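Right, one structure below, let's go through it.
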Amino acid sequence: MRFRFDLRRNYYGRKKKKTVTSTEVKRRYNQKVYSQISFSAPKELVEEFRGICRNIGISQASVFKKFIADFVEKYR
């Protein structure tokens, strides 16, 4: 017999309830503290960028955050 661990269930095998409260609090906090930037780029460029990020083990977001921080510091 194989034991299967399921993160969606508690110790007694009952499904865990998803707390709307904590999700809503996180959503409001993120909305207050963060902004989004969206842009379009050629598919080939995006695919290459994603592949490079995956290969060197960094997140795509960290590349953009670093670029923006350096850009703002340079032109402040």
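FYI, it's all coordinate maths here, none of it is from the lab. Here the structure is a predicted model, which is why all the values come from computation and not from measurement. Reconstructed Cβ throughout: ideal geometry from the backbone, glycine too, with neighbour counts over all protein chains shown.
When you scan segment 32-61, how many residues do you find that are surrounded by 10 or more Cβ atoms within 10 Å (Cβ to Cβ) and assigned to a helix (DSSP H, G or I)? Working first, answer last.
Filtering segment 32-61 down to residues surrounded by 10 or more Cβ atoms within 10 Å (Cβ to Cβ) leaves 46-54, 58-60.
Now drop any that are not assigned to a helix (DSSP H, G or I), which leaves 46-54, 60.
Number satisfying all stated conditions: 10.
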Exercise for the section: Consider only pairs whose beta carbons are under 9 Å apart and that are at least six residues apart or on different chains; among these, list those whose first residue lies in segment 22-38 and is closer than 16 Å to A69 by Cα and whose second residue is surrounded by 10 or more Cβ atoms within 10 Å (Cβ to Cβ). Expected result: I37/F64; I37/I68
